[in-house]
Amino acid sequence: MFERRELGEAVEAASMVVTMAAAGIPAGEAADHAVSGKSSLVDAWERVRRRLRAELGEDVFSSWFARVELAGIIDGVAYLTVPTRFLKSWLEAHYAERLRVNCIAELPAPNGIMLSVRQVSRDSSQAVVIEPAAFRARPAAAATNAATAQAPSTAGSGAPPCERDLVDACGTVLDRRLNFQNFIVGKSNQLAFAAAERIAAAPAGSTPYNPLYLHAGVGLGKTHLLQAIAQEARRQGKRVAYFTADRFMYGFVAALKSQTALAFKEKLRGIDLLVVDDVQFIQGKSIQQEFGHTINALIDAGKQIVVAGDRLANDLEALDERIRSRLGGGLVVEVGELDEALRAKILGSRLETLHAAHPNFHVNPDVVTYVARVVATNGRDLDGAANRLLAHATLSGQPVTLETAEAAIRDLVRTREPRRVKIEDIQKLVATRYNVSRADILSERRTAAVVKPRQIAMYLSKALTPRSLPEIGRRFGGRDHTTVLHAVRKIEKAITEDRSLHDEVDLLKRMLQE
Ligand SMILES: Nc1ncnc2c1ncn2[C@@H]1O[C@H](COP(=O)(O)OP(=O)(O)OP(=O)(O)O)[C@@H](O)[C@H]1O
């Protein structure tokens, strides 16, 4: 993660836009002022990319930086976006400083950078960007870039984003489509749904389950439920604040820096319902403390809290112990995997929505059953599958059959298969990570700077490829299989004893398999 100081600087600037939005001045205007006269922003961003490419080499650049986009510059902070959380954490862990320095050198961004994950709407073929208010104010050129990068736009299904959005008490944009009516209930989510509905419907001041903590893996509907709660509660006249972890951090750091923390807290205390998504990303000791205080103060004041995370509260190792126990002390509900029947219903509902906007688009039940069977991952992939079927039908002008469906979603199914990892890729990635060359890893050198990455690379080769120990030894400069075995055992042991090494190796694994 970025240093808190940097985050603070960035947040301070971001929050000015938020404040303006709260005061009724559109964030867009604020940002337009901020970027006026910066028509060469695209060129400047291109220069940042050139610098990074020159400093890091083509391989590293294309692995990590090619998909970074400049969303805009607001009050001296460059807002950069990336398509996945994984890429965000990788860049933060390994290249934050380099990215910052180069951005500051070329862009009118003296206050640093802020990195966030681009969110596309559920209708990913239409690729509407649902962003926090501050991000909606992008300079035209950068906005055009982002749109071009994401918009095959064959499957538009409705109103433009501004008509679909609504905003909570703190300026966060909510997505109208993520409501209770569109949420399909099955075995794995019925308890979460029931608790969510109950909380949303409870009169202000009454707190049926406090706090409610929802946890689930990727794409299983946490955000959908949280947004639905926020919207329904808001519709009933309750004062709602909906935060993602990032937005919560912006808010607090900005308030602390500008010494308006009290006002910020007061504002939060004035609400009836606080909803916080992706709590696992709340970082930094003082922010966590503030988060803990806020939760405690709100609960004590009889306000409802709803929080979602990607694992059990107790397993949120980065979070302060007291927050974990407070979150774990209310109603804790897991949203489970989507079974095939539920997947079929979700897909059916998406297809109905698409059909309403595209009356010639029909998908027969056999195809729905087939797709629901093979796209076995999560709701996000089902959205993708529905959009691909529509795109296929629209482009070919043909009805969707089992055969065309199979072709349309093939890449989606394929991307879910584990990627075949090559020993050479492992060596290259590990070498880059530890600042040595691949030749060093293959060499006889026995300095600590080379031995550790070599052993990690051997361990990863054993863990991620079907190669035998002798074969791995041969690929590592003709070493004996006992050397490989020694390395594998050593790293296996080390990662059970050293948490940061464990996380590091885990990150490398995920990157190689992505
Ligand atoms: N039960 C459901 N009914 C309808 N849509 C669903 C359901 N579950 C998931 N989805 C859809 O799947 C997509 C992903 O869901 P969502 O964003 O809520 O996942 P998430 O649990 O928050 O995942 P992440 O932690 O990765 O953000 C959304 O478009 C959502 O509407």
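When the residues of segment 220-253 are narrowed to those that are more than 16 Å from the ligand (Cβ to nearest atom) and open to solvent by less than 10 Å² (accessible area, probe 1.4 Å), which ends up nearest to residue 201 (Cα to Cα)?
So the residue we want is 233.
Taking the condition open to solvent by 30 Å² or more (accessible area, probe 1.4 Å), in a helix (DSSP H, G or I) and either in contact with a Leu (Cβ under 7 Å, 6 or more places away or on another chain) or under 26 Å from residue 96 (Cα atoms) (or both), does residue 452 pass?
In short, yes.
Quick one: in segment 358-383, which of the residues that are in a loop (DSSP other than H, G, I, E, B), closer than 15 Å to residue 402 by Cα and among the hydrophobic types (A, V, I, L, M, F, W, C) is nearest to the ligand (Cβ to nearest atom)?
The qualifying residue nearest to the ligand (Cβ to nearest atom) is 375.
Any chance segment 251-271 includes a residue that's closer than 23 Å to residue 337 by Cα and in a helix (DSSP H, G or I)?
no
Is it the case that segment 199-212 has a residue that's assigned to a helix (DSSP H, G or I) and within 16 Å of the ligand (Cβ to nearest atom)?
Checking segment 199-212: at least one residue is assigned to a helix (DSSP H, G or I) and within 16 Å of the ligand (Cβ to nearest atom).
Just to check your reading of the model, which residue among 280, 289, 227 is in a helix (DSSP H, G or I) and more than 30 Å from residue 350 (Cα to Cα)?
Going through 280, 289, 227 in turn, just one is in a helix (DSSP H, G or I) and more than 30 Å from residue 350 (Cα to Cα): 289.
Somewhere in segment 393-408, is a residue in the same structural domain as residue 346 (by TED's automatic domain parsing) and touching a Lys or Arg at 6+ places or on another chain (Cβ under 7 Å)?
For segment 393-408, residues in the same structural domain as residue 346 (by TED's automatic domain parsing) and touching a Lys or Arg at 6+ places or on another chain (Cβ under 7 Å): present.
Got at least one residue in segment 343-354 being open to solvent by 70 Å² or more (accessible area, probe 1.4 Å), within 13 Å of the ligand (Cβ to nearest atom), part of a helix (DSSP H, G or I) and of a type in the set (S, T, N, Q)?
Within segment 343-354, one or more residues are open to solvent by 70 Å² or more (accessible area, probe 1.4 Å), within 13 Å of the ligand (Cβ to nearest atom), part of a helix (DSSP H, G or I) and of a type in the set (S, T, N, Q).
Inside segment 267-309, can you point out the residues that are within 16 Å of the ligand (Cβ to nearest atom), open to solvent by less than 10 Å² (accessible area, probe 1.4 Å) and at pLDDT 85 or above?
Listed by number, the residues that qualify are 275, 276, 277, 279, 306, 307, 308, 309.
Given the options 412, 312, 331, 327, name the one that is closer than 30 Å to residue 206 by Cα, surrounded by 14 or more Cβ atoms within 10 Å (Cβ to Cβ) and at pLDDT below 90.
The match here is 312.
Note down all Cβ pairs under 7 Å where the first residue falls in segment 234-248 and is assigned to a loop (DSSP other than H, G, I, E, B), the second is open to solvent by 40 Å² or more (accessible area, probe 1.4 Å), and they're at least six residues apart or on different chains.
Listed pairs, sorted by first residue: 238/204; 239/169.
The values are calculated or read from the model by the stated rules, or taken from the named source; none is laboratory data. All figures in this text were calculated on a predicted structure; none of them were measured in a lab. Cβ coordinates were reconstructed from backbone atoms using ideal geometry, including for glycine residues, and neighbour counts include every protein chain displayed. In case anyone asks, the SASA skips ligands and DNA or RNA and just uses the protein heavy atoms, side chains included. Shrake-Rupley method; radii C 1.70, N 1.55, O 1.52, S 1.80 Å.
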